[in-house]
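S.K.: The following block contains the structure, expressed as structure tokens.
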Amino acid sequence: MLRFVEEFRRGWTDGRTRQVDPARLPDGAGSDQGKTLAEVSALADQLNARVIELEAQIAACTGVLRLPGVKTWLLSKFHPDKHPEVNGEGRKAYEESAQMINAAYEVVESER
């Protein structure tokens, strides 16, 4: 996932460095194009700031998930086999929780 974010940033930065040639625009489109480009640039800056914020949160979460015994503890609390008394929707919720835990650990282990 971090590789995707880096590729996105690289493409976004490359796109921002390109300039629009006003001679190639239809008559009167230059001002509209400039306004739209400024709006898109502002939104891209906001998205980039959000990506940086989310990366910091991901780093904190992966740090916790890498602590010894955390995966075992999580699965002991949320694995459906640890709760045989639960049926129906409750069992389904435990199964989904165990799947999410395993998926999170697949991502964490692939980033090493």
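Derivation of every value follows stated rules applied to the coordinates shown; laboratory data play no part. Here the structure is a predicted model, which is why all the values come from computation and not from measurement. Positions of Cβ are generated from backbone atoms using ideal geometry, with glycine treated the same way; all protein chains shown enter the neighbour counts.
S.K.: Roughly how many debye, to the nearest 20, is the charge dipole of region 68-112 about its Cα centre, given +1 on each Lys and Arg Cβ, -1 on each Asp and Glu Cβ, and no other charges?
M.R.: Numbers: 6 positive and 8 negative charges, 29 e Å.
It works out to roughly 140 debye.
S.K.: For region 68-112, state what percent of all Cα-Cα pairs lands in each successive 10 Å bin, counting from 0 Å until the bin that includes the largest distance.
M.R.: Percent of Cα pairs in each bin: 29, 48, 19, 4.
S.K.: Please give the net charge around LEU75, taking every other residue with its beta carbon less than 13 angstrom from that of LEU75, where Lys and Arg add +1 and Asp and Glu add -1. Mind showing how you got there, number by number?
M.R.: Working: positive: LYS71, LYS77, LYS82; negative: ASP81, GLU95.
Its environment carries a net charge of +1.
S.K.: Additional query: Multiply the residue gap between ALA103 and LEU75 by 0.36 nm, knock off their C-alpha separation, and tell me the result in nm, one decimal place.
M.R.: Numbers: separation 28, 0.36 × 28 = 10.08 nm, distance 1.22 nm.
Here the answer is 8.9 nm.
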